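Here is the structure we will look at, set down as structure tokens.
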Amino acid sequence: MAALISLNGVGLSHGAKHILNHVDLAVDEREIVTLIGPNGAGKSSLVKIALGLEKPSQGQVTRRADLRIGYLPQRFAIDAALPMSVRRILTLTAKADDAMLREALREVGVENLIDASVHNLSGGELQRVMLARALIRRPNLLVLDEPTQNMDIGGSVECYQIIQRVRDRTNCGVLLVSHDLSIVMAATTRVYCLNGHVCCSGHPDDVSRDPEFLRMFGPTGAGTLAVYTHHHDHEHAPDGHVVHEHQHHHGHHHG
Amino acid sequence: MDMSCTSTSIITATTMDNFILRALVAGIGIALIAGPLGCFIVWRRMAYFGDTLSHAALLGVAAGFALGVSPIAGVIMTCIAIGAVLLGVQSQSRVPTDTLLGILSHTALSFGLIALSFMDTVRVDLMGYLFGDILAVTTADIAWIYAGAVVILSGLLMIWRPLVALTIHADLAVAEGVPAHRIRIIFMLLIALTVALAMKIVGVLLISALLLIPTAAARRCASSPEQMALATVGLGVFAVTGGLYASLMWDLPSGPGIVAAATVIFVLSLLVGPRAFRSS
């Protein structure tokens, strides 16, 4: 089957300013593609092109006919003047009954917040709610723009677990943008290192040793690229108490 | 000023009861429209946008006279034209949008005043257009307002859900299939119509006050967008009634009286409102 989405030779320029140059990128079913790069590397522009929000100046974007995108935008601030509950924000553009909403919120661990006001949520909680919102659309491609911002290490780790769990359950593809070079999801199938163009791409372990990558981020920056593999013997429920019965292990290791 | 004498003389004159009733009916009609639309202007941080459109309304009055059509038709056309320009300039980056809105706003007001000053043949009640004259509304004006209310409110109802989605996060809404461009244009048309209709009631200088102040007061008693829109309508009706009453009792100019009443309600809401404005 064809890739969910593929970008071929995509370029973007605003006036004389070249933002993206000849980018090739594809996401297949079940694939987790991580896009990393410094600020101003064009990551957000690439996401906009993939979503169809912006037209590329050169190249083509091919979307599979049955593509359903679930999108988690990077910055999300809701004006305090606009009253909005979690339940309401989940159903802004999608129809879903109570059971579906609860299921999606349970998936991200914040079912208890269903009737809360979004203005009372912490940054991390809002991020989870927005992830649940993306899941309600039953996407076959998740586009996540810095999903772990506003989260501490524990929260980020759990967020990556959720993404992997969703991928395992629904076979969706994932396009994940991260400015955090030091940690890349273990389940990542392919890392694209972007700086206007694709500097290097490949399996996370290979990319971390790629001379282009070292040149771009320097030996200290690159040296800290850690592929996140973990063994937890416990997890924390959102209210903080330790949950023992849910043990988590990876079925395999990369390397 | 002998207030008791003034109020007594107005209230005892039975022939004048009709104009008070007409003013009240017209004012309530405007509150019905301004409430829900004002909510979106506040949520979308478009206060300046409404301001610019209302200042441009005076230019519309002049255009209406020049073209030989009714002032209200001139205002609607001009507001639509200015609104289209505003939609266009939001996507440029040479001049900051708020600066440009300020320039457009006062330029349109000045050009309107200049154009009207050239029209020797028509007698224009400038004060009436600047500050409104709700006590002079005719039955035909009321018909305009309520016909407009039906058009504006049903238009808003049609785009309500996508407009809320667009307000929360434009890119997200577009990625989820909301036709942003069309919705924005319809919304702009609705504001233009509202400005044209409200002009007679509070005048071009105070229209945006009527769109903003009841909305700001309503925030504290609502937990959903729809509740807030309804609360805004309620408080707007309250402000119109209170303002008209004050204008009769103390012989205040009526348009500013309504805006002052809305402000009193807003301040009271700050003091007694159960819900605090949260910063994030």
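I need the Kirkwood Rh of region A:93-154: take the reciprocal of the average 1/r across all distinct C-alpha pairs and report it in angstrom.
When all Cα pairs of region A:93-154 are included, the Kirkwood radius is 12.2 Å.
As a proxy for reagent exposure, B:THR139, B:THR52 were ordered by neighbouring Cβ count within 10 angstrom, fewest first; the result is B:THR139, B:THR52. In this structure, A:ARG102 and A:ARG165 have a Cβ-Cβ separation that, at R0 = 22 Å, corresponds to a calculated FRET efficiency of about 0.85. For region B:3-271, the fraction of C-alpha pairs more than 23 angstrom apart is 52%.
Can you give the average number of partner chain beta-carbon atoms within 10 Å of each beta-carbon in peptide A:41-53, as a whole number?
Numbers: counts 0, 0, 0, 1, 0, 0, 2, 3, 0, 1, 5, 3, 6.
Across A:41-53, the average partner-chain Cβ count within 10 Å equals 2.
Each 5 Å bin from zero up to the one holding the largest Cα-Cα distance in region B:121-280 carries the following percent of pairs: 2, 8, 14, 18, 19, 16, 12, 7, 3, 2, 1, 0.
Two numbers describe the Cα atoms of the protein assembly as shown: Rg and Dmax, which are 28.4, 94 Å.
For chain B, the 222 nm mean residue ellipticity estimated from helices alone, with every DSSP H stretch of n ≥ 4 adding -39500 (n - 2.57) and the total spread over all residues, rounds to -27000 deg cm²/dmol. Among B:ARG22, B:ARG182, B:ARG123, the largest mean-square fluctuation in a Gaussian network model of chain B (Cα springs under 10 Å) belongs to B:ARG123. The fewest-to-most ranking of B:ARG219, A:ARG64 by surrounding Cβ atoms within 10 Å reads A:ARG64, B:ARG219. Here's the list of lysines a cross-link from A:LYS48 could span, going by alpha-carbon distance under 21 Å and ignoring same-chain residues fewer than 8 apart: A:LYS17. The slack in the chain from A:GLN149 to A:SER57, taken as 0.36 nm per residue of separation less the alpha-carbon distance, amounts to 30.1 nm. In a Debye calculation with equal point scatterers on the alpha-carbon sites of region B:73-178 and no solvent, what is log10 I(q)/I(0) at q = 0.18 Å⁻¹? Debye intensities relative to I(0), on a log10 scale: -1.20. Where both residues lie in the protein assembly as shown, what percent of DSSP beta bridges are antiparallel, nearest 5? About 50 percent, rounded to the nearest 5.
At a Förster distance of 30 Å, what's the computed FRET efficiency of B:LEU268 paired with A:SER122, Cβ-Cβ distance as r, to 0.05? Using R0 = 30 Å, I get an efficiency of 0.40. The label point for A:GLU111 and the one for B:ARG45, both projected 7 Å from the Cα toward the Cβ, are 3.7 nm apart.
Values in this text are rule-based calculations from the coordinates and carry no lab data. Values in this document were obtained by computation on a predicted structure and should not be read as measured data. Cβ: placed from backbone, ideal geometry, glycine included. Neighbour counts: every protein chain shown.
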